[in-house]
Every structure is written in C-alpha cells, then in structure tokens.
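Peer 1: Handing you this structure, nothing more for now.
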Amino acid sequence: MKLFASALTLLISFLVLACANPLIEANKEMRAQIIGVHDEVMPKMGELMSLQKKALAQADSLYAQDSTATTQIESMRTLAGQLDQAYEGMFVWMRQYSLEEEGKTPEEIKTYLDDQLLKVNQVNTEIKAALDQAATQMKD
C-alpha cells in the first residue's frame with residue numbers, strides 16, 4: 001500500500017509540474033522564434049560586408065573622377081556606414097544573447113526573451129533596411 005501511495009504521489013507530481021506552467025512551453029517557442037529571426041538574416045552578413053566595400057570603392061572612384069561631387073561621395077560613405085552598422089548590430093546582439101536559464105523563474109525568462117525578441121527584430125529591420133538602401137543607391 002505504501003508503494004502504491006508513493007507511486008501515485010509521484011504520478012500526481014509529474015502531472016502537476018507538466019501542467020502547472022504553460023509559460024515554460026511558451027518560452028521554448030519564443031526561443032525558437034528568436035533563433036528563427038537570427039537565422040533569417042545571418043546569411044546576409046557576407047552580402048552586407050561586400051556591399052560596404054563596394055560603396056566605399058564607389059566613393060573613392062567618384063572622388064578620383066570629380067572631387068567636387070561631395071553629395072554623391074558622402075552618400076556612398078553614409079551607405080557604407082549604414083551597412084557596417086547593420087553588420088555590427090548582429091554581432092553586438094549575438095554577444096549579449098544568453099541561453100543560460102539556470103536559477104531563473106519562467107517569468108524572468110519570459111521577460112528576458114521578450115526583450116531579446118525586440119532586439120533581434122530591430123537587428124533584422126536594420127539589416128533589411130541597409131540592404132534595401134544599397135539596392136536603391138548602388139547601380140552596377
């Protein structure tokens with residue numbers, strides 16, 4: 001009888017823990033969403049650097065052709081800066097992102113993940129905006 005009571009107590013404990021905090025599952029889904037945003041734009045990092053170099057080369061070329069074309073030269077340099085900032089933004093975010101959950105409540109983890117989702121979405125927006133700007137400004 002004592003073994004049955006222990007087994008029943010253990011079973012009930014598992015059921016309570018499994019159903020007690022749906023936030024744990026929501027946090028797993030949010031982590032997957034954050035990584036999904038990261039994975040969407042991470043492959044574009046090489047393109048950002050390539051376009052940055054191309055923008056700087058175009059600025060140098062414009063300067064060599066006509067050093068008085070300051071508006072176009074500055075436009076290319078500004079674009080190169082935007083591309084670099086978008087590139088660096090990804091790595092700044094990645095360095096501060098943590099998978100560590102030990103010692104944190106599900107509510108604390110959710111708060112952290114909410115903040116990280118905002119940050120990674122901002123990185124995503126900046127990368128896409130820089131790429132769109134490069135597509136608009138840079139003509140082969």
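The values are calculated or read from the model by the stated rules, or taken from the named source; none is laboratory data. The structure displayed is predicted, hence computed values, not measured ones. Counting neighbours? That spans all protein chains shown, and the Cβs are built from the backbone with ideal geometry, glycine included.
Peer 1: Which of the residues spanning the range 98-117 are free of Cβ contacts under 8 Å to residues at least 24 places away in the same chain and surrounded by 17 or more Cβ atoms within 10 Å (Cβ to Cβ)?
Peer 2: Of everything in the range 98-117, just one residue is free of Cβ contacts under 8 Å to residues at least 24 places away in the same chain and surrounded by 17 or more Cβ atoms within 10 Å (Cβ to Cβ), namely Tyr112.
Peer 1: Also: Taking the range 72-92, which residues are surrounded by 15 or more Cβ atoms within 10 Å (Cβ to Cβ), within 19 Å of the chain's Cα centre (by Cα) and free of Cβ contacts under 8 Å to residues at least 40 places away in the same chain?
Peer 2: Asp84, Gly89, listed by residue number.
Residues are listed down the side, and each one gets a yes or a no for (1) at pLDDT 95 or above; (2) out of contact with any Cys (no Cβ under 7 Å at 6 or more places or on another chain); (3) closer than 30 Å to Met30 by Cα:
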site	(1), (2), (3)
Pro43	yes, yes, yes
Glu47	yes, yes, yes
Tyr63	no, yes, no
Gly81	yes, yes, no
Arg95	yes, yes, yes
Glu102	no, yes, yes
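Peer 1: Is the range 58-79 home to any residue that is of a type in the set (Gly, Ala, Ser) and closer than 30 Å to Asn21 by Cα?
Peer 2: No - not one qualifying residue is present in the range 58-79.
Peer 1: Okay, next question. Which ones in the range 97-124 are part of a helix (DSSP H, G or I) and under 11 Å from the mean Cα position of the chain (by Cα)?
Peer 2: Passing the criteria: Gln116, Leu117, Leu118, Lys119, Val120, Asn121, Gln122, Val123, Asn124.
Peer 1: Now for a separate question. Return yes when Lys54 is in a helix (DSSP H, G or I), of a type in the set (Lys, Arg), at negative phi and surrounded by 17 or more Cβ atoms within 10 Å (Cβ to Cβ) and no when it is not.
Peer 2: yes
Peer 1: Additional query: I'd like to check something: does the range 125-136 contain any residue that is in a loop (DSSP other than H, G, I, E, B), of a type outside the set (Val, Ile, Thr) and in contact (Cβ under 8 Å) with a residue 24 or more places away in the chain?
Peer 2: No, the range 125-136 has no match at all.
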